[in-house]
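Take a look at the structure below.
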Amino acid sequence: MSETRDSETTALTAVCHVRAPLLLEPIDEQVETLRACESESAIDELLLRSWPQEVALSDESPYQEVIDTYERFTQWADERGVSVQPPFRERSTTSQVTGKTRDRLVTPLLCLEVYADDELVGVFPHTDERTEETYTTDEAIATLRTDEVPEPLGSVAREAETAATSNTCPDCGGTLVDGQGLFACSDCGWIGTVTETGRYEPQPDELTSEREPTLIATR
């Protein structure tokens, strides 16, 4: 699960996110190995980022950068047909005083993202839920140490093929009807299109209201 890189033309950057201050074994060993990769020029740059154990999933969260990072990882995983849950985990907590329920994001002890030039090529660990195979951070770091780029599980092409042929509504799981490139769900009324990567995207409200009668007529 790796590919040889051209070190003369491709700049390889590793961004390591770790819970602070839990720099203990075996996390500390992984960080030190990444530092060795940088010193030995197996990677061009190593960036270390710390995050808390969990953050509130809200626009008012003081850790908005962590939420943005999680959403970027989730989008990358969706495009490849893999999952980053785990290591990330969403949970709900209810205050015994106010009774208010909050959604929270639990972060992994360590997570690694790898860039070839400016392209995000991998988030580790991640899991292919169809094969139940996990690509761990240990495996990714070991691959980097050999001056190779870790090749993630899944592929954009496979996810695009799966999405384009599934005809399954992303909201309710119902059946989608293809109305000349615009898809509609006969169960919940969802309307959208397919992106270049094969993902179903909802149609903006103003366009949905204009095209809905046409879609109904094609059923």
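The values are calculated or read from the model by the stated rules, or taken from the named source; none is laboratory data. All values derive from a computational prediction rather than experimental measurement. Counting neighbours? That spans all protein chains shown, and the Cβs are built from the backbone with ideal geometry, glycine included. For the accessible areas, the whole protein counts, side chains as well, though only heavy atoms, and no ligand, DNA or RNA atoms are used. Shrake-Rupley method; radii C 1.70, N 1.55, O 1.52, S 1.80 Å.
Things to note:
- Accessible surface area normalised per residue over segment 23-124 is 56 Å², counting heavy atoms of protein chains with a 1.4 Å rolling probe.
- Stokes-Einstein diffusion coefficient of segment 10-152, Kirkwood radius over Cα pairs, 25 °C, 0.890 mPa s, in µm²/s: 153
- Counting protein heavy atoms only, segment 103-144 has 43 percent of its accessible area on carbon and sulfur, 1.4 angstrom probe.
- Ordering of 124-137, 51-64, 90-103 by packing is 124-137, 51-64, 90-103, highest average first (other Cβ atoms within 10 Å, averaged per residue).
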